[in-house]
1. Rounded to the nearest percent, how much of the accessible area of region 559-602 (1.4 Å probe, protein heavy atoms only) is carbon and sulfur?
2. When the convex hull of the C-alpha atoms of region 298-339 is computed, what volume per residue in Å³ does it have?
3. Once ligands and nucleic acids are excluded and a 1.4 Å probe is used, how much of Leu388 is accessible, expressed in Å² to the nearest 10?
4. Taking Rh as the Kirkwood radius, which is the inverse of the mean 1/r over Cα pairs, what is the Rg/Rh value for region 1-111?
5. Could you please state, rounded to a whole Å, how far the C-alpha centre of region 621-663 is from the C-alpha centre of region 325-397?
6. Mind grabbing the base-10 log of I(q)/I(0) for region 31-189 at q = 0.21 Å⁻¹? Debye formula, identical points on the C-alpha positions, no solvent, two decimal places.
7. Hey, what did region 328-458 get for relative contact order, percent, Cα under 8 Å, at least 6 apart?
8. How many nm is it between the label spots at Trp323 and Glu371, if each spot is 7 Å from the Cα in line with the beta carbon?
Amino acid sequence: MTAELVRGQNHPLSQVRLEIRVSAGTPVVASATLGDEQGRAHGVEGVAHPGAPTLPGLEVSRQAAADHRLAVDLGAMPEAVHRVHVLLALPDGGPTRFGAVAAPFVAVTGLDGTEVASYTITGLDAESAVVAVELYRRQGAWKVRAVGQGYAGGLAELFGDQGLPEPQRLAARIDEAVGQSLARAVPAPPQHTADGDRTRRTAVPAPGPDQGGAPHRDSGPAAPQQPADPYGVPAPPTAPYGAQSTTAGGVPQPGIPPTAPSTATQPSATGGPIDYSHPARQTAAPPPPPPTAPPAAPGQPARPVAGDATGWSMDERLYNQIWGMFEDLARTTAAYRSAVDFADSRMEKELDQVLSDPRSRIGGQGEAARETARAKHADLIDQARAALDRDLAQLSAESDVVEPALPCAYARWDNPVWHAYRVPMEIPMALRLGDLYLPESELLRIPMLVRLPLERGLWIDAGSAEAYDESFADAHELRHRAMETAVALAARLLAVHPAGEFTVHVIDPAGSGSRALAPLVRTGVLPAPPAQGAAGVADVLTRLTQRVDLVQMAVRGGAADSLPPGLDTAEQLLIVNDFPHGFDDRAVTQLRYLADEGPSVGVHLVMVADREDAQAYGPLLDPLWRSLLRLTPLPDDHLADPWVGHAWTYEPALVPTGSQVLEQVLARVAAARTKYT
């Protein structure tokens, strides 16, 4: 499964021979620098660029292109190399800032085309050069991190930030080298598919020694070569950028000078354009076809199949299928409710017409008209209900085959998939927070999935029991249920992340959540016991706040490699119990800061709190509540979708009573973490 990275996120690499594929809407220059443990490149000999495209274990393109493939062999890297930075820059003669072009897309793939990780570089504006991703060593293993650090001063500013000598001269020499090859620049690819997935379209490599084709041969005599300087710059350009050429079919192709056909090209039999693809080059492997349903009986609907939606992996297909089921349920329920409203308004209108005539108010004529109106109303309701029941039956049948096929990240705790649980090597694309259903279909549950990493914190409501169900009147038991919900979510997050990539902290000032926290404490997945008292609260909040500050400064300053050695770079989750009891004004301010700034740098917040208890703070906490996604420990219809406006009932994903699956899963997580460290 491909890991879709966001800025600052990392992912382990299980292979040493890789390709880094770049897709942009305009020609860009791809370069790379080899750095030490601090990410500093010592001299121009550690820079791979179009004028010097080959270094040990690394090869970049010789030209500006809309699509690039960089070959990387991590096993051939010198021992002194600990970081490989992949750089993108806009060449002269085109757009001057990344904010005016489509967001570049970078994918790290195996040699067979299988994607390992991908990153879309968003948020760029005036920058003309950017550090896209970095490959780095950690404890003897290689990882990839999404960087996305842009520089308005172009390559010169970027090289200066990396400590290279004479950055202006190096940038100028790269521009000259690019000018030599810009006449062969690859034009922008055709428009992408509607879903925006750039990796699904097969890219045709351009001819040239850097792209695996035969050497480019000119029909005239060879031009004399100038002596190479220390930067390895070739001769000045011989053709201007944007020169026109024609293919064998006579179709003008911008950016390619007139030449004799290369030995690696074959004109088509019909006289069409030349195919420049190398016969020995493997392109990205297409995804395996989705499963197909067996043929249905005549007149019967097709039998549902798990994973028959679009996607490049089974997880992505199941994710898309689940949200397709959500949309289908919302649509069919909206149609039913609309039909009921129409039937009600029509009956009221017909009854008004009957009652408006004094002659029909009494007697058999008026009663017959009323009976006719009621019969039409009942007939419309029956037709709408029949259509709803038909759709619900189809969705229920689909749910029956999808639910058992879900992976751990999407599955309920009673799914047998948890009994075969193993600590994963990759982060899933989404996580199940619970179930959603509507009053018209209480037996049909749709998984509530959120994308990872979390973009906002969670607030688990521990309010009064009367707000949910009068039969659940024990306030203390309700608070325990809310804490159990938080523990189940934390356990699920720990279980779906690779070993050592997720850390959980707990603040429990009065120790009231000790019973619910027992699985986390007994299995040893917590790095420290739950913080209690004012001193414990202050210590945890101070450490996490400082971590957010450090990571933000490092990312914004382009110095992610300069973080303190002991800093835990894993995703962080803070569970806060019994808020606001035991929290002073400073702690409240720190919580607001973590809720606002933490998710962007991997610090997430789960608060178990009662908003009524926090009324004494007045409007101070309103921004905090609004920034968190409210969940409930009991079923509650507080979630509304913006599509049709339904009020969906949320049901938390709790562990079945008496089940030991949560502790078994956490024990495997703890064992894998011990082995990892």
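1. Working: 900 of 1790 Å².
For region 559-602, the apolar C and S fraction of the accessible surface comes to 50 percent.
2. Details: hull volume 3.2 nm³, N = 42.
Spread over its residues, the Cα hull of region 298-339 gives 76 Å³ apiece.
3. Here the residue's solvent-accessible area equals roughly 0 Å².
4. Numbers: Rg = 14.2 Å, Rh = 14.8 Å.
That ratio is 0.96, to two decimals.
5. Between the Cα centres of region 621-663 and region 325-397 lies a distance of 33 Å.
6. -1.67
7. Details: 105 pairs, mean separation 25.4, N = 131.
It comes to 19 percent, rounded to a whole number.
8. Once both label points are built, they end up 5.4 nm from each other.
The values are calculated or read from the model by the stated rules, or taken from the named source; none is laboratory data. This structure is a prediction, so every number in the text was calculated from the model and none was measured. All Cβ positions, glycine included, derive from the backbone under ideal geometry; neighbour counts span all protein chains shown. Remember, those area values only see protein heavy atoms, side chains included, never the ligands or the DNA or RNA. Shrake-Rupley method; radii C 1.70, N 1.55, O 1.52, S 1.80 Å.
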